[in-house]
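Below you'll find the structure, written out as C-alpha cells, and then a few comments.
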Amino acid sequence: MKKSLVTLGVLAAAALALSGCTDSADTPSSTPSGDAGGGELTKVRVAALPIAETGALWAAIDEGIFEDHGLEIEVVPAQGGANAIPALLSGDIQFAIGQPFGPIRADVQDLGVVIVGNYANSLAEGDDVNAVVALGDSGITRPADLAGKKVSVNTIGAAGDLTIRKAVQDDGGDPSTIEFVEVAFPDVPAQLAAGTMDAAWAPDPFRAMVLGDGGVSVVAPYQATIPGLSVLTNITTQALLDDDPDLVADYSAAMAEALEWASDNEDAVRAAIATNLDIPEEAAAGITLPTFTWDLADAGIEDLGTLAVEFGYIDAEPDFDRLLQQQ
C-alpha cells in the first residue's frame, strides 16, 4: 500500500480548523490538479466524522486512489455535516462528508451549498448502521419510551433527531416531549454511563460499545422512517463547482472509485477503522458497514426534506434540482 496521506488531528484541533481561522498561508491550494500520473499533487481538505463509515475514505487514501487522481487529501475531523458548512463557505475546506440535512437547511437559506455525490446509505433491513441505544436497566425498550426522556444526537436539528421524532410518533409516543442534547459520538458511551442522558443516537463503534456493556438497542430511526436513507453525502459549494470544475471533477472521480473499491474490500476498510479510531481489530470486525455508493438515486434525501417540513424543521422544501448535483 502507498503511504497514507491522512492527517487526522484531535477533535479540539478540528474545532479550530473548522472555525474559518486557518492561516491563509497554510490553506491547501484548490487549483486544478496536475497530471494524475506524476507531478505535484493538489492538496484538498475534507471534513469527515470520526466514525466507522469514514473507514472507506481512510482506506482509499491508504490505497493511493486519491493520489492516482492527483489529489492529496487532508481529513479534518468534524462533529457533523452541518458544523462543517461555515468552513466550506469560508473556503477553509473544499469538501465535507456529512449528513444530507445540513445541506437541505443551507439550500433553504440559499447559502450556495450543493451535494455532488452520495457516500453511504443506511441498510433497509437487518442491523442498521446507527441506532438509539440505552443502558440495560433504563427501562427504555421501544421508541415510545423515549417520550419525556433526554436523548443525545451529534447535531441538534438534523436527520438524527428528526427521524427519532418520527419513529416515536409512529410508535404512539409524543415526540414533542423529548429533550435532545448535543453529544459528540465518541463521548456517548461515557456520557450514558455517567447518566447525563437517558438514551443516545450513535453509529458504530460507539453503538457497539454500549451494547457490548449490556445496553439495549431501542430503534434504528433511519430504518424505521426512511429505509435506506443516505447516512453521509459529499458536500461542497456552488462557488467551487463554478470556479474550479476540474478540481470537483477530479475529486468526484476519485471518490466514486474509492467507494466502489471500498465496497469490494471490506477487510481493508475495517483495518482502517481499527487504526484511525484506535480500536481493537476484533471490534472493527464486528462493525455493521453501510452501503458505500456515489449514486444519489434512491438515497431518500427528498423524503427527508418532506419529513423536515412536516415536523417544522424547515418552512419549505429545498430546491432539489439546485441542491442535488450528481457529478
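Before moving on, here are some points about what is shown:
- In terms of its C-alpha gyration tensor, segment 178-327 has an oblate overall shape, because the principal axis ratio a/c (a ≥ b ≥ c, square roots of the eigenvalues) is not below 1.5 and a/b does not outweigh b/c.
- Rounded to whole numbers, the Karplus 3J(HN,Hα) couplings from phi for segment 137-153 are 9, 6, x, 9, 10, 9, x, 4, 5, 7, 4, x, 9, 9, 10, 9, 9 Hz, using 6.51 cos²θ - 1.76 cosθ + 1.60 with θ = phi - 60°, and x at Gly and Pro.
- Shape call, the chain: gyration tensor on alpha carbons, a/c limit 1.5: prolate
- Intensity falloff of segment 238-322 expressed as log10 I(q)/I(0), Debye formula with alpha-carbon point scatterers, at q = 0.14 Å⁻¹: -0.80
- Contact order, relative form, for the chain: 25 percent (alpha carbon pairs under 8 Å, 6 or more residues apart, mean separation divided by residue count).
- GNM flexibility winner over the chain from Val269, Val151, Val181 (Cα, springs under 10 Å): Val181
- Area accessible to solvent at Tyr313, 1.4 Å probe radius, in Å²: 40
- The residues of the chain expose, per residue, 39 Å² of accessible area to a 1.4 Å probe.
- Rounded Å value of the spacing that divides the Cα centres of segment 183-228 and segment 102-173: 11
- Most mobile listed residue (Asn130, Asn83, Asn118) in the chain, GNM with C-alpha springs under 10 Å: Asn83
- Here the chain has 47 percent of its accessible surface on carbon and sulfur atoms, given a 1.4 Å probe and all protein chains in place.
- The residues Ser176, Ser230, Ser138, sorted by heavy-atom accessible surface at 1.4 Å with ligands and nucleic acids left out, run Ser176, Ser138, Ser230 from largest to smallest.
- Average Cα contact separation per residue, segment 69-188, under 8 Å, 6 or more apart, as relative contact order %: 22
- When the square roots of the Cα gyration tensor eigenvalues are ordered a ≥ b ≥ c, the ratio a/c for segment 44-103 is 1.5 or more and a/b does not exceed b/c, which makes its shape oblate.
- In terms of overall dimensions, segment 166-261 has a Cα radius of gyration and Dmax of 18.7, 52 angstrom.
The values are calculated or read from the model by the stated rules, or taken from the named source; none is laboratory data. What you see is a predicted model; the values in this text were computed from it and never measured. Note: accessible area is taken over every heavy atom of the protein model, side chains too, but ligands, DNA and RNA are not part of it. Shrake-Rupley method; radii C 1.70, N 1.55, O 1.52, S 1.80 Å.
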